[in-house]
Amino acid sequence: MRCHLVVVGFALATRSAIEFFHGHFLSAWKWNPLAFIAYCALSIFDAYAAIALVMRAPRLRIAHFTTGNRTFLRLFSIVLLALNWIYLWSANPPL
């Protein structure tokens with residue numbers, strides 16, 4: 001017998017990506033909301049980067065985060081990942 005270990009977040013992120021790139025945005029959101037947000041952000045960044053390269057425009061720089069800002073971003077990321085994980089387990093229970 002073979003034992004298969006499927007990481008739920010990765011499998012659902014793949015399904016979400018397939019739905020996203022086929023233009024089924026609601027379905028992509030249902031499969032994995034965090035991955036959907038990441039795909040949207042990546043698409044917007046890619047469009048911005050292409051325009052900045054073609055137009056030779058100055059690029060956006062984000063710098064000089066305070067210690068409080070860094071701490072907030074770290075905690076926000078951890079909470080966001082935890083909420084996404086809880087959603088994935090509740091919306092798509094393992095077989």
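Tabulated results
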item	result
Cα-centred dipole magnitude for the range 8-91, charges only on beta-carbon of K, R (+1) and D, E (-1), debye, nearest 20	280
Gained length - residue 26 relative to residue 75, 0.36 nm times residue gap less alpha-carbon distance	14.9 nm
Relative contact order (%) - the range 8-91, alpha-carbon pairs under 8 angstrom, separation at least six	30
Sites matching chymotrypsin sites (Phe, Trp or Tyr not before Pro) across the range 12-95 that sit in DSSP coil, with at most 14 neighbouring C-beta atoms within 10 Å	65
Local electrostatic count, residue 49, Cβ distance below 14 Å [Lys/Arg +1, Asp/Glu -1]	+2
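Read-outs throughout are calculated quantities, based only on the coordinates presented, and are distinct from any laboratory measurement. Values in this document were obtained by computation on a predicted structure and should not be read as measured data. Note that we place each Cβ from the backbone using ideal geometry, even for glycine, and neighbour counts take in every protein chain shown.
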